[in-house]
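Notes for the one structure printed next.
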Amino acid sequence: MTDPTGPSVIILRYGEISLKTTYVRTSFENRLITNIKTALKSAGLEYSVTRERGRIYLITNKIPEATKVLKRISGIVSFSSAIQTTADLPTLTEATLILTKPLLSQQVSFALRVTRTGKHPYTSQDVARHIGAAVATATHAPVDLTIPDHEIFIEIRGKKAFLFTEKHRGIGGLPVGTQGTAAVLCDSPAATLAAWYMMHRGCSLILIGTHPADTPTLQAFLTRWNLTGTPFLLDPATPEFYDRLNNLIADYHCDALATPATRDDPQETLRRLTELKTHISVPLLTPVIALTTPEVERHCKEKEVSL
């Protein structure tokens, strides 16, 4: 019997990109694909990437290694390692049985989650009923649509179908490079979180440390989140600090300067922001201004951002 399953593929999903106009969506998709390729190449992984409306498909023989990289690319909402087959119902049924037989038994429940895009001689409900009955008969596993032991996802798109059992969360946001360039003044422990938020909104980053000890931390941040570039170092105690800061902003065509100011010390924060506004030549952004230090630490832990 011919194996109905095709090669394993990673399905990449994005969120708000799909809400853009056709021109903008295509531009953002292209940027996301470029970022994915750059990150995988930096990790030494071989791959191929294809795109269809609403989905990006990645084929690689290093799926565990690729998974680690994909979790840290801005713009990816979720992804799944899937088996590819055809949308022909008998073939799809056979492929699902091959996937589920090792997973299910009389003591292990399941649920089918079917989605469908395109024209087919069946509905999503038809697929769920037909394949669900076949799986239950073959494995004797009970169906539990509320809290199953295993969820079996079937995604039918045109003539293709994809089977998978897990959805890995990405960090979402927008692809880096779609929203201009932001310099980030890294003069406090909250700097990496401020930089993360700017990256998450699609900004390319120019990181500017104010102490030699900052450089390894900032370089590690760039590496961890698949960003290119090298941190800069400026001494705020020197008279030429603001001149050099403005020169960096101009040289790298930065659209804004972000600071890690928090609300721990409102008077000092206001004084510092007022001073910066007086001297810099671009808009000033404060992505963590609503947070206290304990909240910054909590957000860093949740997002796996090192302080």
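Kindly provide the set of residues from the range 225-269 that are part of a loop (DSSP other than H, G, I, E, B), free of Cβ contacts under 8 Å to residues at least 40 places away in the same chain and under 18 Å from ALA182 (Cβ atoms), ordered by number.
Of the range 225-269, the ones part of a loop (DSSP other than H, G, I, E, B) are 225-231, 234-240, 252-255, 259-265.
Applying the additional criterion that residues be free of Cβ contacts under 8 Å to residues at least 40 places away in the same chain yields 229-230, 234-235, 237-240, 263-265.
Passing the criteria: GLY229, THR230, LEU234.
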Item to check | Residue list for the range 9-28, filter: touching a residue at least 60 places away in the same chain (Cβ under 8 Å) and either surrounded by 15 or more Cβ atoms within 10 Å (Cβ to Cβ) or under 13 Å from SER78 (Cβ atoms) (or both) | outcome: VAL9, ILE10, ILE11, LEU12, ARG13, TYR14, GLY15, ILE17, SER27, PHE28
Checklist entry - Are there any pairs, at least 6 apart or on different chains, whose C-beta atoms fall under 6 Å, with the first in the range 185-203 and over 16 Å from ILE249 (Cβ atoms) and the second in a helix (DSSP H, G or I), and if so, which? => result ALA190/VAL296; THR192/PHE221; LEU193/VAL296; LEU193/HIS299; LEU193/CYS300
Checklist entry - Somewhere in the range 241-257, is a residue out of contact with any helix residue (DSSP H, G or I) (no Cβ under 8 Å at 6 or more places or on another chain), surrounded by fewer than 17 Cβ atoms within 10 Å (Cβ to Cβ) and either at pLDDT below 95 or in the same structural domain as LEU32 (by TED's automatic domain parsing) (or both)? => result no
Next on the checklist: Checking GLU151 against (1) without any contact (Cβ under 8 Å) to a residue 60 or more places away in the chain; (2) surrounded by 18 or more Cβ atoms within 10 Å (Cβ to Cβ), only one condition comes out false. Which one?
Outcome noted: (2)
Checklist outcome for this item: Within the range 66-102, residues hydrophobic (A, V, I, L, M, F, W, C) and touching a helix residue (DSSP H, G or I) at 6+ places or on another chain (Cβ under 8 Å) come out as ALA66, VAL69, LEU70, ILE73, ILE76, PHE79, ILE83, LEU89, LEU92, LEU97
Checklist entry - In this structure, is ALA220 at pLDDT below 95, in a helix (DSSP H, G or I) and among the small types (Gly, Ala, Ser)? => result yes
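Out of all the residues in the range 237-248, is one or more within 28 Å of SER42 (Cα to Cα) and touching a strand residue (DSSP E or B) at 6+ places or on another chain (Cβ under 7 Å)?
Checked the range 237-248: at least one residue is within 28 Å of SER42 (Cα to Cα) and touching a strand residue (DSSP E or B) at 6+ places or on another chain (Cβ under 7 Å).
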Item to check | Output for the range 283-300, where each listed residue is in contact (Cβ under 8 Å) with a residue 40 or more places away in the chain and closer than 14 Å to LEU245 by Cβ | outcome: none
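The values are calculated or read from the model by the stated rules, or taken from the named source; none is laboratory data. In this text, all values refer to a predicted model and were calculated from it rather than measured experimentally. Neighbour counts are summed over all protein chains in view; Cβ atoms, including those assigned to glycine, are modelled from backbone coordinates with ideal geometry.
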